[in-house]
Amino acid sequence: FELRTQLIGASILAVFIGLGITMLLSRSITNPIESLIQTFIKVEKGDLSERARVLATDEIGELSIYFNRMVSRLDELQQTLEKRVLERTEQLRVSTEVGRIASTILDPDTVITRVVELITQSFDYYYAAIFLVADNERWAELKDATGSAGVILKARRHRLQINNSSMVGAAISSKKP
């Protein structure tokens, strides 16, 4: 009887120890997965600064590493896209301003001067110029330009042949920017 009681007690103890070990093992698997899921949810809501904690070197740890790389790349792409949107918005603003200048000023030379100045100031360029095609359509003549180089070129009545030997000539001959 005493042996039977000891065996039953040992069996019950073995079952509890087995349950304890099972609980520990399952938590070692579910806790990292739950942490990763919580990070997924935060990123899904738009928090691209959130990163998964790498808790182990197993498959879940490797998954966390790849997830962090993906979120970093998404963050970079979003920042790049936001920058491009700002640049395009500025270009549209300048285009609108050019249209306003062109519609309110009747003197073509004044319009050209104001447009060149606006482009230089708005995009922080050190130099901008406008060339117009001459009547014979062989030359692009400088009408206005900014900076000291612009002053010198205007004084020389600078012109470029319309062919592929210069960017201006190539753009005009191909009719592409």
(message) I need the full set of residues from the range 43-98 which are of a type in the set (A, V, I, L, M) and more than 29 Å from ASN31 (Cα to Cα), in order please.
(response) LEU77, LEU81, VAL85, LEU86, LEU92, VAL94, VAL98
(message) I need a count of the residues in the range 45-73 that are assigned to a helix (DSSP H, G or I) and over 19 Å from the mean Cα position of the chain (by Cα).
(response) 9
(request) Answer with yes or no whether LEU77 is assigned to a helix (DSSP H, G or I), under 30 Å from ILE119 (Cα atoms) and within 16 Å of the chain's Cα centre (by Cα). (result) yes
(request) Among what's in the range 134-172 and is of a type in the set (A, V, I, L, M) and in contact with a Ser or Thr (Cβ under 6 Å, 6 or more places away or on another chain), pick the residue that is surrounded by the most Cβ atoms within 10 Å (Cβ to Cβ). (result) ILE162
(request) Any chance you could count how many residues in the range 118-173 are in contact with a strand residue (DSSP E or B) (Cβ under 7 Å, 6 or more places away or on another chain), in a loop (DSSP other than H, G, I, E, B) and among the β-branched types (Val, Ile, Thr)? (result) 1
(request) Kindly indicate whether LEU13 is open to solvent by 80 Å² or more (accessible area, probe 1.4 Å) and assigned to a helix (DSSP H, G or I). (result) yes
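The values are calculated or read from the model by the stated rules, or taken from the named source; none is laboratory data. The model shown is predicted, which means the values in this text are computed figures rather than measured ones. Neighbour counts run over all protein chains shown; Cβ positions are idealised from the backbone, glycine included. These accessible areas exclude ligands, DNA and RNA; they are computed on the full protein's heavy atoms, side chains included. Shrake-Rupley method; radii C 1.70, N 1.55, O 1.52, S 1.80 Å.
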